[in-house]
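Since the structure comes first, as structure tokens, the remarks are kept for the end.
The values are calculated or read from the model by the stated rules, or taken from the named source; none is laboratory data. What you see is a predicted model; the values in this text were computed from it and never measured. Note: ideal-geometry Cβ built from the backbone for every residue, glycine included; neighbour counts use all protein chains shown.
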Amino acid sequence: MSSVRQLRLFGMQELSTRLRVSRQRADKISRQKGFPEPLAELERGRVWDADDVDSWIAANRGPAPDEL
């Protein structure tokens, strides 16, 4: 029996919350080279695989102040 991974998605609001920055700053970060490509661009905006974003954050941003 194979396991199926449940897909978690982030839109811009979730991305800004996870990054702990404004939506405007999250938009700039998401356009930087090396940031995960969005899975799709919907009418309401881009969406990303949350696991890809979390991996990028772990590799590029370091712990949040309350995680130290």
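The table below gives the values:
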{"item": "Tally of residues being touching a Leu at 6+ places or on another chain (Cβ under 9 Å) and free of Cβ contacts under 8 Å to residues at least 40 places away in the same chain across region 1-11", "result": "1"}
{"item": "Residues (in a helix (DSSP H, G or I) and surrounded by fewer than 10 Cβ atoms within 10 Å (Cβ to Cβ)) located in region 40-62", "result": "Ala59"}
{"item": "Residue list for region 12-32, restricted to those being surrounded by 15 or more Cβ atoms within 10 Å (Cβ to Cβ), under 10 Å from the mean Cα position of the chain (by Cα) and not aliphatic (A, V, I, L, M)", "result": "Glu14, Ser16, Arg18, Ser30"}
{"item": "Sole exception among (1) polar (S, T, N, Q); (2) surrounded by fewer than 10 Cβ atoms within 10 Å (Cβ to Cβ); (3) within 13 Å of the chain's Cα centre (by Cα); (4) at pLDDT below 95 for Ser3, by number", "result": "(3)"}
{"item": "Selected residue (criterion: modelled with the lowest pLDDT) from residues of region 49-68 that are under 10 Å from Leu19 (Cα atoms) and not acidic (Asp, Glu)", "result": "Ala64"}
{"item": "Criterion: of a type in the set (Asp, Glu) and touching a residue at least 12 places away in the same chain (Cβ under 8 Å) - qualifying residue of Glu41, Glu37, Glu14", "result": "Glu14"}
{"item": "Members of region 17-34 that are part of a loop (DSSP other than H, G, I, E, B) and either among the polar types (S, T, N, Q) or free of Cβ contacts under 8 Å to residues at least 40 places away in the same chain (or both)", "result": "Val21, Ser22, Arg31, Gln32, Lys33, Gly34"}
